[in-house]
Amino acid sequence: VLQINKDDVTALQCKVVCLIQNGNFKEALGVINTHTKVLTSDVIAFEKAYCEYRLNRIESALKTIQSASQQTDKLKELYGQVLYRLERYDDCLAAYRDLIRNSQDEYEEERKTNLSAVVAAQSTWEKVVPEDLGLREATYELCYNSACALIGQGKLNEAMKKLQKAEELCRQSLSEDSDVTEEDIEAELAIIHGQMAYIMQLQGRTEDALQLYNQIIKLKPTDVGLLAVIANNIITINKDQNVFDSKKKVKLTNAEGVEHKLSKKQLQAIEFNKALLAMYTNQADQCRKLSASLQSQSPEHLLPVLIQAAQLCREKQHAKAVGLLQDFADQHPANAAEIKLTMAQLKIAQGSVTKACMILRSIEELQHKPGMVSALVTMYSHEEDIDSAIEVFTQAIQWYQQYQVSQTRGANPKSPVHLSLIREAANFKLKHGRKKEAISDLEELWKQNPKDVHTLAQLISAYSLVDPEKAKVLSKHLPSSDTMSLKVDVDALENSHGATYVRKKAAKLTGDNQQKEQGQGEVKKKKKKKKGKLPKNYDPKVTPDPERWLPMRERSYYRGRKKGKKKDQVGKGTQGSTTTGSSELDASRTASSPPTSPRPGSGAAVSATSNVIPPRHQKPAGAPATKKKQQQKKKKGAKGGW
């Protein structure tokens, strides 16, 4: 037909539809663009917009739809899909509501599913509390989308129950078709199982989540978006461990078409994790490149600059990292608080606690918070800067004072946080000897609540150190002991788990034992002390050696062990030769040889002016005789000379 009449509108429309049915969207769009005079927007607006949508030219598809003179139901359906892809969820929700309200056909269930998907996206990405649309969760798609909305609200246990219901409905609906295999069912359930694993990961059950993620990857699903999300989640579980596995999983996030399947926030999270993985694998240049690219895409986002600072710290360039963070804080005051907290952490890591305190005190929106006050006081105390710590307390108390006055229009009631800060300041001052300053704080507390006995007791205690007379006057306000009814079970208190003293229960006594106990009264058995054992040669008349408890080498009279020079010299040299004279080796001449230095502890070692022998070094009486006998035996059996 087109060979006969190349501008036949019906034939051209048929050709475009056939190309679309075959999936040749690019060729179909080419036919439309080459015959613009004949195929006007009124004639073929839907087909053109659909081809652009399928070719991921979402902005072009939106323009085509908006330029159409008549908005048909088909165009409205496509308009809703385009808005969803552009993440314009409010407009998308309004479009689907209008479609459901004004159309009645067999596609109503699909429209409700799309509507629930929009609500889930709002809850997940925009943190909008979803309204109850009254949709009956009769299909597994509706159950799945409802679970996603619950995850966005943080209701993880409820979301898990919804996913389990969705899995059950999916199995039921697919098992009714005889052509569907078990593998097909598992492939369809992959996205549900992936969301279950994500909930487990959020709940801290990382091992279970990792196992389920790996099971899904083994199925090799065709959805590249699902694979990319699962791979990214596995990388977040691995962190700086199992880096080789993370490198393999990164490849799944780089698959073709992933950017068209995921939302902008999902893609951004994947890029952040790529930069972190590059940092953990010591790919500094790659890390800087990725983080710089992310910063150019989202200049106000915190993570890119934090990753760059972390990389600089790994390279030991702490000063440069602090400078980078300071520049970002100056350029983006709205995010300065979190950046300054990081800067303070870096200063603490470098040991510059005082500088860290200065940075923390520059965060105006946090400097009066109890947590910040506590941190600053602790850090100043560590640096022994008590004046600065008290100044922090004073500024925080003044801030709450001004805030309360502004809120109550001149009245001056104290909030619980304000009173708590005054009490902590008083305790801190008392601890560090600032009694007069502490007394003024305690008096203010007591004025706020004169019935507070605890504060009064603290005030009296503080005055007793400064002005005893004032303490006596204040003590009259204390309640008398008669008016104080303390209902305390002493036995229960003593037998409690935390008691340091537990009274032993008296054992029941019967018969003879009871009589014995009565006769003995309060007499207690005394343990007999064992007498220490004394040496066999102990002499009470001899003064013990004062150095007897020291090792032998550490005693003042130790002269070293006598080395056997004779033994060392025997056998040295060539066979038959001797290194010393035979007279030195002759055992018969040892008695006339000159005396060597006495051995420590022997009789010769003691000075001539004292005959005292230390008891630890006294030898048994029979020891010298046995030694002589051994020498005599050796002489009998010895032959003269060598």
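Given a Förster distance of 35 angstrom, what is the FRET efficiency for Asn427 paired with Val473, based on the Cβ-Cβ distance and rounded to 0.05? With a Förster radius of 35 Å, E is 0.90.
With protein chains left intact and a 1.4 Å probe, residues in the stretch 389-477 average 59 Å² of accessible area per residue. Available extension along the chain between Ser173 and Ala337 is 53.8 nm, counting 0.36 nm per residue and deducting the alpha carbon span.
Summarising the amide proton neighbourhood of Asn537: residues at separation of 5 or more, or on other chains, whose placed amide H is nearer than 5 Å comprise an empty set.
May I ask you to compute the full-extension gain from Arg553 to Arg314, defined as 0.36 nm times their residue separation minus their alpha-carbon distance, rounded to one decimal in nm? Before the final figure, lay out each step's value.
Numbers: separation 239, 0.36 × 239 = 86.04 nm, distance 5.24 nm.
My answer for the length gained is 80.8 nm.
Here the stretch 346-368 is scanned for amide nitrogen atoms under 19 Å from the site 7 Å beyond the Cα of Gln326 along Cα-to-Cβ, giving 346-364. Spin-label pair Ile100-Lys531: with each label point 7 Å from Cα along the Cα-Cβ axis, the two points sit 10.3 nm from one another.
Hey, with R₀ at 60 Å, roughly what FRET efficiency would Arg205 and Glu391 work out to, going by the Cβ-Cβ distance, to 0.05?
Working: r = 47 Å, r/R0 = 0.78.
About 0.80, to the nearest 0.05.
Spin-label pair Glu444-Gln283: with each label point 7 Å from Cα along the Cα-Cβ axis, the two points sit 5.8 nm from one another. With R₀ set to 60 Å, the beta-carbon distance separating Asn33 from Gln345 gives a calculated FRET efficiency near 0.55.
Computed in the context of the full set of protein chains, the accessible area of the stretch 9-124 at 1.4 Å probe radius has 46% of its extent on carbon or sulfur.
What is the gain in length, in nm to one decimal, between Asp452 and Lys541 on full extension, counting 0.36 nm per residue of separation less the C-alpha to C-alpha distance? Provide the component values of the computation, followed by the final result.
Values: separation 89, 0.36 × 89 = 32.04 nm, distance 7.31 nm.
Here the segment from Asp452 to Lys541 would lengthen by 24.7 nm.
Given an 8 Å cut-off on Cα distances and at least 6 residues of separation, report the relative contact order of the stretch 36-155 as a percent. Mind showing how you got there, number by number?
On the way: 111 pairs, mean separation 20.3, N = 120.
Worked out over the stretch 36-155, it gives 17 percent.
For the stretch 245-349, trypsin sites (Lys or Arg not before Pro) are listed when DSSP marks them as loop and at most 12 other Cβ atoms sit within 10 Å of their Cβ; the list is Lys316.
A simple count of charges around Ile386, restricted to other residues whose Cβ falls under 12 Å of its Cβ and scoring Lys, Arg +1 and Asp, Glu -1, yields -3. Here the Karplus curve 6.51 cos²θ - 1.76 cosθ + 1.60, taken at θ = phi - 60°, turns the phi angles of the stretch 271-283 into couplings of 5, 4, 5, 5, 5, 5, 5, 4, 5, 5, 8, 6, 9 Hz, with x standing for Gly and Pro. Could you tell me whether the stretch 9-124 comes out rounded, prolate or oblate from its Cα gyration tensor? Rule is a ≥ b ≥ c as square roots of the eigenvalues, rounded for a/c under 1.5, then prolate if a/b exceeds b/c, otherwise oblate. Prolate shape, in that a/c is at least 1.5 and a/b is the bigger ratio. With each label modelled as a point 7 angstrom along the Cα→C-beta vector, the Thr40-Lys74 pair spans 1.8 nm. Solvent-accessible surface (1.4 Å probe) assigned to Glu424 amounts to roughly 100 Å².
The values are calculated or read from the model by the stated rules, or taken from the named source; none is laboratory data. If you're wondering where the values come from, they're calculated on a predicted model, not measured in any experiment. Every residue, glycine as well, gets a Cβ built from its backbone with ideal geometry; the counts of neighbours run over all protein chains shown. Ligands, DNA and RNA are stripped out before the accessible areas are found, and what is left, the full protein with its side chains, is counted by its heavy atoms. Shrake-Rupley method; radii C 1.70, N 1.55, O 1.52, S 1.80 Å.
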